[in-house]
Amino acid sequence: MRCAKLVVVGAFVVVACGPAAPPRATAPATAPRPSAEPAIDPRLEALLAKHEAFFAKSGTAGATAQPRPPRPRPAVPAKGSVPTKRIARIEAVAFNRTVSRGPRCDVAEEPYARDGRLCEDVRLPVATLTGDEMARVTGLLDAAEARIREQHASGRVVYRAVTHCGFDPHHAFVLYDASDRPLGTIVVCISCGEWLVRPASEATGEGEPAVMAPDEESTLRSILEAHDLGASLFRDEVRKELWDYVGRVYGSTREPTPRGEARRRARLAASSSGVAAEKRASTLGREEREALCRWVTEDVVPAYRSRSDGGARGYECDDHTEWLVDYGERACAERPLPCDRSVGELEACLRDLDEPQHLCVPAPASCAGLLTCLPGFRRQPKP
């Protein structure tokens with residue numbers, strides 16, 4: 001049985017873990033406010049806009065009608081070295097993993113569904129690598145295979161480092177032969193410096209997320225950046241700088257600055273679930289409730305949630321009232337909405353609801369009589 005390997009540098013064990021979620025404002029609720037508002041930094045504002053665009057639903061495959069391919073997508077072989085000599089085309093793909101991936105995408109790290117369509121969270125357009133870029137990618141794979149052969153010949157095999165950090169990839173390279181049959185994939189996590197290569201090979205990590213060598217990370221990242229696929233957004237130093245700036249200028253979800261409140265209002269003013277505003281909540285079908293729940297999840301209270309927590313959060317107020325907030329649109333949509341108010345009224349309330357503190361204090365006027373009818377919000381009975 002193979003055990004996880006760690007990188008040993010001198011007398012120290014080094015395990016590099018990148019952040020598992022996109023940056024969010026984290027200024028604590030008790031942090032003192034400066035007397036003057038911080039200056040707006042045009043460079044960081046442009047970076048923030050790029051970050052928000054990356055994680056928005058607009059511009060993804062899910063927002064575009066995709067024709068179903070005439071035949072299912074052939075599966076990549078489970079094991080073996082990538083046949084680099086047969087590679088005729090390589091696609092570079094970015095996917096945000098925060099909007100719905102769609103019911104067809106049951107493999108979390110892959111950009112394509114089994115039927116051949118792109119997963120709903122894939123950013124468009126997909127990039128096609130140049131000949132030089134293809135040679136750089138195949139060169140990395142060939143070099144990795146050559147190293148493992150040399151190590152076996154010498155009798156001293158050094159396996160790739162495997163960390164136990166959350167593998168949070170947002171980019172992939174898909175390798176095709178001349179008949180457009182997929183030969184392999186390289187799924188890349190820039191923030192944690194790991195890749196997941198399929199088919200599984202001893203040289204590239206045996207089908208597990210494994211730490212990339214510095215030249216592998218820099219090569220793949222530079223190719224992604226050359227195609228403007230947002231790789232720089234996931235570098236630790238960039239994320240920290242952006243996160244700190246957002247906290248200073250816009251505050252946090254729980255404690256926004258005036259600029260933060262104005263920014264949220266402006267963002268939601270032009271946003272809606274897409275369900276007809278005049279429809280009554282109690283008459284909505286499952287698909288309409290799912291659209292409402294998706295809007296709450298992705299626009300109103302965007303939550304970069306762990307897949308392991310079921311997509312739910314709980315809050316307890318000072319009077320011991322408990323609330324459960326479901327961020328998974330499927331579970332959220334299972335419950336009919338028990339009121340005869342219009343979708344437009346629900347959306348107006350949700351635009352004003354500053355989750356989570358408005359669950360525990362008098363709600364905005366637009367939410368009067370609606371807190372028990374909001375998609376995804378459930379009041380738990382007092383013990």
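Annotations for the structure displayed:
- Screening the range 291-310 for residues that are touching a helix residue (DSSP H, G or I) at 6+ places or on another chain (Cβ under 7 Å) and either at pLDDT below 70 or open to solvent by 40 Å² or more (accessible area, probe 1.4 Å) (or both) and picking the one that is farthest from V275 (Cα to Cα) gives A303.
- So R198, is it of a type in the set (D, E, K, R), farther than 13 Å from A144 by Cβ and open to solvent by less than 30 Å² (accessible area, probe 1.4 Å): no
- Here D228 meets each of (1) out of contact with any Pro (no Cβ under 9 Å at 6 or more places or on another chain); (2) of a type outside the set (A, V, I, L, M, F, W, C); (3) at pLDDT below 95; (4) open to solvent by 60 Å² or more (accessible area, probe 1.4 Å) with one exception, condition (3).
- The range 239-263, subset open to solvent by 50 Å² or more (accessible area, probe 1.4 Å) and closer than 17 Å to L353 by Cβ, residue nearest to the chain's Cα centre (by Cα): T253
- Some residue of the range 29-37 being modelled with pLDDT under 50 and open to solvent by less than 80 Å² (accessible area, probe 1.4 Å): yes
- Selection count, the range 204-240, where residues are assigned to a loop (DSSP other than H, G, I, E, B), touching a Leu at 6+ places or on another chain (Cβ under 8 Å) and hydrophobic (A, V, I, L, M, F, W, C): 1
- Taken as a whole, the structure leaves R286 outside the set of residues that are of a type in the set (K, R) and open to solvent by less than 70 Å² (accessible area, probe 1.4 Å).
- Total residues in the range 59-87 satisfying the condition of being of a type in the set (S, T, N, Q), within 26 Å of R97 (Cβ to Cβ) and assigned to a loop (DSSP other than H, G, I, E, B): the figure is 2.
- Identity of the residue in the range 204-225, of a type in the set (A, V, I, L, M) and open to solvent by less than 10 Å² (accessible area, probe 1.4 Å), that ends up nearest to F95 (Cα to Cα): L224
The values are calculated or read from the model by the stated rules, or taken from the named source; none is laboratory data. Note that this is a predicted model, so its numbers are computed, not measured. Cβ: placed from backbone, ideal geometry, glycine included. Neighbour counts: every protein chain shown. Side chains included, ligands, DNA and RNA excluded: accessible areas come from the protein's heavy atoms. Shrake-Rupley method; radii C 1.70, N 1.55, O 1.52, S 1.80 Å.
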